[in-house]
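J.: Sharing a structure, written as structure tokens. Questions coming.
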Amino acid sequence: MFHLSQNVCICSTIIMSLHKELHRKYIQELDSHKDDYAYWLTEHLRMNGLYWGITALFTLKYEDTFNKEEVIDFVLSCWDDLHGGFGAFPRHDSHILSTLSAVQILKTYGQLDILPATKRDKLVTFVKGLQLKDGSFEGDRFGEVDTRFVYTGLSCLSILGELTPEVVDPAVEFIAQCSNFDGAYGMVPGAESHAAQVFVCVAALAIANRLDLVNKDMLIPWLSERQVKGGGLNGRPEKLPDVCYSWWVLSSLSILQSLYCIDQEALRQFIYTCQDAVNGGISDRPDNQTDVYHTLFGIAGLSLMGFDDLEPIDPVYCMPKRIVLTIEKYGRE
Amino acid sequence: MLDDIVLPDSTVQAQLELFWDIVSNECQEGRKYLIWLDLESSKFFEFHSNDEEQRLDIVIYKKPMMKLFPTLLTVQNQLIADNWDWKTISRTDAQQTDKLYKIFLAIVPILFINNESHTLVLILESMVELLSIPNNKVLRLLQCLLTCSRNNINKSSSYWTFLRKLYSTNSFQQSIFIDTLIASATIHRKSYYCWNFASFFATIEFARGADLTPVYSQVKQFCMRNLDYGAWKVLCEIIIIMVSANTNQYWLKEFERWNDNNNNNKLRTPNNSGRLHQKTMNWAEQELFMLSNYIKSSQTESLIPLTIIKWVYDKLEL
């Protein structure tokens with residue numbers, strides 16, 4: 001046995017493979033458990049869950065697992081005609097998070113054009129309407145503001161080819177204000193640094209073509225310090241490692257072209273130990289309950305590091321690279 | 001339409017009404033603690049006074065609650081069904097508001113299960129307004145949510161945002177919020193949104209002209225027990241505010257945003273509030289010296305809070 005800091009220990013038995021077929025089966029079956037409570041408990045996250053599952057399947061090179069027409073029908077059934085945008089489930093109110101997931105799914109399946117011009121315009125109006133004067137974005141009319149939503153707004157408009165300086169410039173200014181003394185970023189100006197917030201800020205700056213604003217000399221060491229004994233990555237100092245940070249931290253390092261700053265082989269082993277070797281799926285830490293969120297971010301982390309012959313994933317958009325290549329990049333010739 | 005919505009049977013409705021009473025009423029025992037237990041029971045919840053801890057324990061039994069959940073979710077989904085807007089019902093129609101109130105009671109327990117259902121939060125906010133639910137009851141509900149035993153609920157960014165919004169648009173006692181944040185931080189160590197709320201709260205309290213000494217004292221006590229980075233950062237922010245009146249401008253703008261059309265709830269100017277309860281640089285130096293010594297002498301695996309103290313020294317140019 002060897003020990004991770006903060007009382008987590010993982011078995012020294014080295015598991016050398018990613019259980020691709022088990023993970024495919026696990027994701028495929030998530031939608032067939034409609035009689036399970038868990039299915040209904042996650043209704044409010046269904047659009048995000050679908051995006052996580054589809055992106056994991058594409059990264060595993062099992063893109064034909066789901067029936068494409070059924071997926072697109074579900075996405076379109078979540079359209080909120082009153083406010084524009086997409087909800088997490090049919091008849092739910094639209095939110096910027098479920099809207100991005102819907103747009104990502106449509107783009108991944110090459111079906112963005114299925115939206116008629118009127119809906120597309122309404123969608124763009126919905127997203128742009130959530131931006132406040134200071135450049136930040138609200139998630140919906142409830143009014144919560146967070147750098148997560150700035151990234152979500154920019155990513156969504158970028159995929160739709162609708163970014164303009166009027167949107168980008170204030171958003172960049174807001175993100176710049178969220179940078180802390182340690183070089184990392186928080187959810188709003190002055191808020192504690194957090195690796196997931198680092199991802200959304202760095203990725204948003206990448207979309208805006210403004211990575212020059214990142215304090216790389218401070219941020220890269222902060223990100224590399226997220227790796228703990230045992231190989232996993234955490235989100236803040238002294239927190240436990242969690243597989244999802246294999247994405248939030250790694251993608252940030254990848255965008256900053258600094259993946260070499262962490263021990264990739266150790267992280268790979270940590271992700272492997274979080275697999276359910278019987279039923280498939282990946283959990284946050286070894287022996288915990290698996291879920292589709294951690295399954296995607298474990299697989300996506302492995303893809304970023306170039307392991308297991310996975311489909312290359314784009315660190316900014318968290319979508320297959322070959323699909324992201326078709327997105328027009330803002331501010332570049 | 002509202003009339004078509006099928007409600008749970010009368011036995012369940014009676015339990016739902018009692019549940020709302022318990023989570024929303026003032027607690028004589030001190031405070032409430034809502035805990036989930038993985039046990040079978042004939043009811044989905046029970047409550048009892050915990051004299052030792054000076055609190056009211058509310059126990060939700062997972063198995064009956066999970067059996068009840070699809071019924072409650074069906075009520076919610078009937079409410080948001082196509083082709084009509086429930087928010088247009090007449091407030092003066094007693095029959096309709098009574099039905100809506102019963103729907104509200106069915107929806108409240110879902111808040112303790114689905115942590116980030118944005119639609120549910122919007123429903124709650126609209127219902128509170130339509131049914132004129134008193135703000136102090138909403139505050140107690142949020143307290144129960146944010147101090148409950150389930151981490152995905154007590155760390156919900158939507159619920160913490162709701163608390164900031166409610167705090168901003170009302171005048172409640174300072175101690176209620178201090179109790180909530182310390183109770184939540186104790187249950188869920190290193191809670192990101194909890195300590196961001198604390199930062200917001202200290203900033204606005206100061207700008208409202210309140211004395212930050214009680215907040216400082218409680219957060220300091222917590223820090224002495226926990227080398228929690230977020231808590232120490234807030235402690236240091238409070239020192240900066242008390243000495244220099246230098247506050248986080250973003251939080252002030254957020255407060256103004258929640259009070260966009262409310263001229264009765266404006267903040268004092270920073271200069272005024274600064275004069276009211278300002279501490280001296282000497283005080284700050286003594287505090288920082290004591291805190292540094294505490295960290296260095298404590299048997300801890302981490303010296304991370306020292307980096308935050310260094311940040312205060314730089315910020316105050318000490």
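The values are calculated or read from the model by the stated rules, or taken from the named source; none is laboratory data. Small disclaimer: the values here were computed from a predicted structure and weren't measured. Cβ coordinates were reconstructed from backbone atoms using ideal geometry, including for glycine residues, and neighbour counts include every protein chain displayed. Side chains included, ligands, DNA and RNA excluded: accessible areas come from the protein's heavy atoms. Shrake-Rupley method; radii C 1.70, N 1.55, O 1.52, S 1.80 Å.
J.: Go through the residues of region B:85-99 one by one and say whether even a single one is under 26 Å from residue A:80 (Cα atoms) and of a type in the set (A, V, I, L, M, F, W, C).
T.: Yes, region B:85-99 contains at least one residue that is under 26 Å from residue A:80 (Cα atoms) and of a type in the set (A, V, I, L, M, F, W, C).
J.: Looking at region A:136-193 only, could you name the residues that are modelled with pLDDT under 95 and hydrophobic (A, V, I, L, M, F, W, C)?
T.: Hit for region A:136-193 is A:181, nothing else.
J.: Quick test for you: out of B:53, B:40, pick the one residue that is within 19 Å of residue B:144 (Cβ to Cβ) and either open to solvent by 10 Å² or more (accessible area, probe 1.4 Å) or in a loop (DSSP other than H, G, I, E, B) (or both).
T.: After applying the criteria, what remains is B:53.
J.: Looking at residue B:90, is it touching a helix residue (DSSP H, G or I) at 6+ places or on another chain (Cβ under 8 Å), small (Gly, Ala, Ser) and either more than 11 Å from every other protein chain (Cβ to nearest Cβ) or not in a helix (DSSP H, G or I) (or both)?
T.: yes
J.: Anything in region A:145-161 that is within 29 Å of residue B:308 (Cα to Cα), within 14 Å of another protein chain (Cβ to nearest Cβ) and either part of a helix (DSSP H, G or I) or open to solvent by 10 Å² or more (accessible area, probe 1.4 Å) (or both)? List them, or say none.
T.: A:147, A:148, A:149, A:150
J.: Yes or no: residue A:171 touching a Gly at 6+ places or on another chain (Cβ under 7 Å) and either in contact (Cβ under 8 Å) with a residue 40 or more places away in the chain or not assigned by TED's automatic domain parsing to the domain that holds residue A:249 (or both)?
T.: yes
J.: Let me ask something else about it. Could you list, in sequence order, all residues of region A:162-192 that are touching a strand residue (DSSP E or B) at 6+ places or on another chain (Cβ under 8 Å), surrounded by fewer than 23 Cβ atoms within 10 Å (Cβ to Cβ) and not aliphatic (A, V, I, L, M)?
T.: Answer for region A:162-192, where residues must be touching a strand residue (DSSP E or B) at 6+ places or on another chain (Cβ under 8 Å), surrounded by fewer than 23 Cβ atoms within 10 Å (Cβ to Cβ) and not aliphatic (A, V, I, L, M): A:170, A:179.
J.: Still on this structure, I have one more. Which residue out of A:132, A:112, A:123, A:82 is closer than 21 Å to residue A:52 by Cα and either open to solvent by 10 Å² or more (accessible area, probe 1.4 Å) or more than 14 Å from chain B (Cβ to nearest Cβ) (or both)?
T.: It is A:112.
J.: Same structure, new question: Please work out which one of (1) within 12 Å of another protein chain (Cβ to nearest Cβ); (2) in contact with a Phe, Trp or Tyr (Cβ under 9 Å, 6 or more places away or on another chain); (3) crowded, with 18+ Cβ neighbours inside 10 Å is the condition residue B:72 fails and give its number.
T.: Result: residue B:72 passes all but (2).
J.: When you go through A:140, A:93 one by one, which is the residue that is within 9 Å of chain B (Cβ to nearest Cβ), more than 23 Å from residue A:199 (Cα to Cα) and in contact with a helix residue (DSSP H, G or I) (Cβ under 8 Å, 6 or more places away or on another chain)?
T.: Step by step, each of A:140, A:93 is checked, and only A:93 is within 9 Å of chain B (Cβ to nearest Cβ), more than 23 Å from residue A:199 (Cα to Cα) and in contact with a helix residue (DSSP H, G or I) (Cβ under 8 Å, 6 or more places away or on another chain).
J.: Which one of these does residue B:93 not meet: (1) over 17 Å from the mean Cα position of the chain (by Cα); (2) under 24 Å from residue B:70 (Cβ atoms); (3) of a type in the set (Asp, Glu)?
T.: (2)
J.: Return the residues of region B:128-167 that are open to solvent by 30 Å² or more (accessible area, probe 1.4 Å), closer than 15 Å to residue B:33 by Cβ and not in a helix (DSSP H, G or I); say none if nothing qualifies.
T.: Hits for region B:128-167 are B:149, B:150.
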